[in-house]
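Undergrad: This is the structure I have questions about; it appears just below.
Nothing in this text is a laboratory measurement; each read-out follows from the coordinates by a stated rule. Computed from a prediction, not measured in an experiment: that's the story for all the values here. Ideal geometry is used to build each Cβ from the backbone, glycine not excepted, and the neighbour counts take in all protein chains shown.
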Amino acid sequence: TGALFRVTTKMTESLSDGTSDPTLHPQVQKKNNRRMVTFLLLLSLVSFLYFLSIFGQSLSNGHLASEEQEAKGYAAAKVKGKAALETYIENLQDSIRKSHAEFDESMKDLYGESFFPFIFHRVNEAFVLHNVSKSRFLRRLNIKMLRSFLDPSLNETFTWITGGHSNAAAHGNFYNQSYTATLERFARGAFQSVGLDFVAKNYAMGGYSSGVEISLCLEAIYGQNFDLFSWDFGMTDGRDVFKLQLLINRVVTAADAWSKSSSDLNSYFPMVNVVGADNARHQALLSAEERGLGVFIITPGPVLEDLKTNLPDASILDQGNLTEYLAHFVCGGAFESNDPCGNPDVKYRTAPCVNVKHQVSWHDGWKLHHLYGVLYADLMVQMLHESIDKLAELLSPSKLNSTNTTLLLAGDVDPFDILSRLQEEEGNDRTAFLSTSATETVNAAALGVVVERVGLETVARKRSLCRSALLPAQSRYDGIVTGSGNKKMYYEDFDSGSSLAEIRGADPFSDRVGTETLPIPLPLAFDPGQRHPCEITLKIDYKDYFLVQGGVGWVSTVIPNSAEIVHFPKQVTDRMSESAKAIKGSNTFSTVSPNVGEGNNGYEGVIVVCVEVCDWNQCPENYANLADGFQIRNENATDGNPISITVNDMPVINVVHFVGNCYALEGEQNVLKWGQGNDSGQYELKLKVNDETKNLH
């Protein structure tokens, strides 16, 4: 069965364009050095106090609960004086001015002085960003900066997630040539200059739409606590606007859970960007915006038209005066098309790799990816700049001194209270969205009979737990899927599962056949033939799967495993001590109880199995079709049925088609809800393919 997951990617290869990651501004580097000295001094003091507590009193009496320690830290931060606030604001404004200027100069170097105005400082033309969503964007950044000011040890990071199809994944190019990687490379320096980090993660997958597998597996694939989700599924979603609507609801639902479970006074409400929004999707975004979500759309048309008009046509005119980012870009009035612009040796730059797949007409080449990446970077640097100006307004009275240059801070200015107010506003927007009926934001009819039977609120607004084999997925990079806890920062070194050859020739499969009482563990499998050998990463998205192999008998897996229980807790309860509440005050968020081992897991038990999506719908001959297997079973209920499944030893009598490649498991008496699970709040799935010539992926 195929499912989904996410990756934390860092570019380790040398960049094809010769650029390097932006470095910290010298002023910030000095600040960090001072912080390091302070940290070492504090570390020595903490160590001394720790040993003193060991010899002076018991640990149980000598240490505050973790919630109280966090609260104490914020309480201490609140006493920072007006001088510190004023200096902080001035430093931010100085740093962002310098970083913005450095960004502009680097873009002039890459695209040339004469073409710079056609591309940059055109945020209002290249993006649809309404004032209400812009204010939510700036608020998200202000929350990051205020948290960093109050507690620099939090290492605040703004996280951008790209979800999409093969073009978004940069198929045909190097992975680090994608517009997402380009965005991170050129926006990160500005964020670091003001004490934040910026990470853009490309989790796009070739051949996948945004629903329902991707939406229901949102946290397993893309991870948690991100700040912006960029939707780029236009080519695979087609006219199915309900898939975007469902994903938006899943994002808001997840963000609400993250906020309620935050143990460090944080809140979350990601922005949503859409690439290629037609009128129907535009209306879906407007509906979400009216209900509290911050949204924007990239509309590069004016930029592209100006470039098309002003760039010399490479099919007839000399390109000698253009930089490599614009030369041989427009041919016959089209980008990266016609001769010579569409020639693979011109459109793509993937040496030393050979026989690179996916270099087709409908995939963008490296120049278009780079252009879109710097447009996004221009937006992010501009929003960061404006957010600092907004922060100055929030942290100071609306008056200046006689020179009209120095900010005067009022006596009642308290950054902690301002942070709490911003988080409360964000929480109110999130609540406003979730307080409306799901039927107002999702076309329930398009989701079919499963939604009719279990309810739209369950599918759109209840938190789900997903175990996915797909790549990229954060749950695999963090060792959650396998339960190993082998968390990796990079996508090269993680629990990759077993190759088909290893599974077919290794124990325990060669030793015994799984029985219903003693099944074989369900293996995580991958096809080595899908991996492209090259010293530089071309792609990271692969259709790995859980393999149910015919002829090996019963296989089983337990969901959730211990790692999933911890990372994706369902029940949200207030476990904060009264003393911690008193320290933190009223503007707080309750924390989550993982409920490990408790039967009441909060799930309704709707179990959905998603099978592998075969490329171009061309599945191998030995592919066992889940739906066909149960149709045959219902006609002839004998031991010779193609597929058998049980849930906690209760038989699955049918599968109900959901959307696309996903099916809901139906039990006796036609139930789709399997309840709270066993005594440990878990579900043991056992599967068997009886035909030795067939495999279920």
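Undergrad: Between Q359 and D649, what is the label-point separation in nm under the 7 Å Cα-to-beta-carbon projection?
TA: 5.9
Undergrad: If you don't mind, another one. Is segment 165-214 best put as rounded, prolate or oblate by its Cα gyration tensor, with a ≥ b ≥ c the root eigenvalues, rounded for a/c under 1.5, and otherwise prolate when a/b is larger than b/c, oblate when not?
TA: oblate
Undergrad: F116 to A351: extension gain in nm, 0.36 nm per residue of separation minus the Cα-Cα distance?
TA: Result: 81.7 nm gained on full extension.
Undergrad: While we're on this one: Could you work out how much longer the chain between S287 and S562 gets when fully extended? Use 0.36 nm per residue separation minus the Cα distance between them, nm to one decimal. Numbers along the way, then the final one.
TA: On the way: separation 275, 0.36 × 275 = 99.00 nm, distance 3.87 nm.
Length gained, S287 through S562: 95.1 nm.
Undergrad: Give the peptides 118-129, 195-206 in descending order of average Cβ contacts within 10 Å, highest first.
TA: Put in order of decreasing packing, that is 195-206, 118-129.
Undergrad: V346: net charge of surrounding residues, Cβ under 11 Å, Lys/Arg +1, Asp/Glu -1, itself excluded?
TA: Once all neighbours under 11 Å are counted, the net charge is -1.
Undergrad: Another question about this same structure. Can you tell me the length gained on complete extension of the stretch A101 to E424, counting 0.36 nm per residue apart and subtracting the Cα distance?
TA: Value of the extension gain: 112.9 nm.
Undergrad: By per-residue mean of other Cβ atoms within 10 Å, what is the highest-first order of 317-325, 230-238, 343-351, 386-394? Spell out each step's value before the answer.
TA: Working: 317-325: 13.3, 230-238: 21.3, 343-351: 16.4, 386-394: 18.1.
Output ranking for 317-325, 230-238, 343-351, 386-394: 230-238, 386-394, 343-351, 317-325.
Undergrad: If R₀ is 51 angstrom, what is the calculated FRET efficiency for the pair Q669 and N486, using the beta carbon separation as r and rounding to 0.05?
TA: So the FRET efficiency works out to roughly 0.80.
Undergrad: Would you mind getting me the FRET efficiency between E692 and Q618? Use the beta-carbon distance for r and R0 = 25 Å, nearest 0.05.
TA: 0.65
Undergrad: Can you give me the distance in nm between label points at L518 and D313, each placed 7 Å from the Cα along the Cα-to-Cβ direction?
TA: Placing both labels 7 Å along Cα→Cβ, they lie 7.6 nm apart.
Undergrad: If we sort 429-440, 548-559, 457-468 on the protection proxy, mean other Cβ atoms within 10 Å, highest first, what's the order?
TA: 457-468, 548-559, 429-440
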